[in-house]
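Since the structure comes first, as C-alpha cells, the remarks are kept for the end.
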Amino acid sequence: MDIPRRLIALRRAVDAAEERYRGNRGDNATIALAVWSDATAALVEAVTAHAEETGATRREVEDAVRRAADGS
C-alpha cells in the first residue's frame, strides 16, 4: 500500500509527542499530553480519510502507516 508522506509524518509526530509526555511531570506533562492528544486526533482523521479514499480498512491503513513510519 502506498502511504503518503503526510501520514508518515503524522505518525512520527504522535510517537514523538508520546515520548515527550512520558518524560515530563507536572504542568509540562499536562501540556505534553494535550500535544499528544491533538497529534493523535490529526492522525486518526487523516488515516480515516485515506482509508475512505483508497477503499482500504482503517486498520489496514494504520498498520501500513506504522510500518512505514518505523521504516520496516
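The values are calculated or read from the model by the stated rules, or taken from the named source; none is laboratory data. Everything numeric in this text was worked out from a predicted model, so none of it was measured. Cβ atoms come from the backbone with ideal geometry, glycine included; neighbour counts cover every protein chain shown. Surface accessibility is based on the protein's heavy atoms, side chains included, excluding ligands, DNA and RNA. Shrake-Rupley method; radii C 1.70, N 1.55, O 1.52, S 1.80 Å.
What number of residues within segment 15-35 satisfy the criterion of being within 20 Å of Val65 (Cα to Cα), touching a helix residue (DSSP H, G or I) at 6+ places or on another chain (Cβ under 7 Å) and open to solvent by less than 50 Å² (accessible area, probe 1.4 Å)?
1
Go through segment 1-14 and give me each residue that's open to solvent by less than 70 Å² (accessible area, probe 1.4 Å) and either of a type outside the set (D, E, K, R) or more than 20 Å from Val61 (Cβ to Cβ) (or both). Walk me through it before giving the result.
As a first pass, look at segment 1-14 and keep what is open to solvent by less than 70 Å² (accessible area, probe 1.4 Å): 3-4, 7-11, 13-14.
Ile3, Pro4, Leu7, Ile8, Ala9, Leu10, Ala13, Val14, listed by residue number.
More than 14 Å from the chain's Cα centre (by Cα) and open to solvent by less than 40 Å² (accessible area, probe 1.4 Å), is that true of Ala46?
On the way: more than 14 Å from the chain's Cα centre (by Cα): no; open to solvent by less than 40 Å² (accessible area, probe 1.4 Å): yes.
So Ala46 does not fit the description; no.
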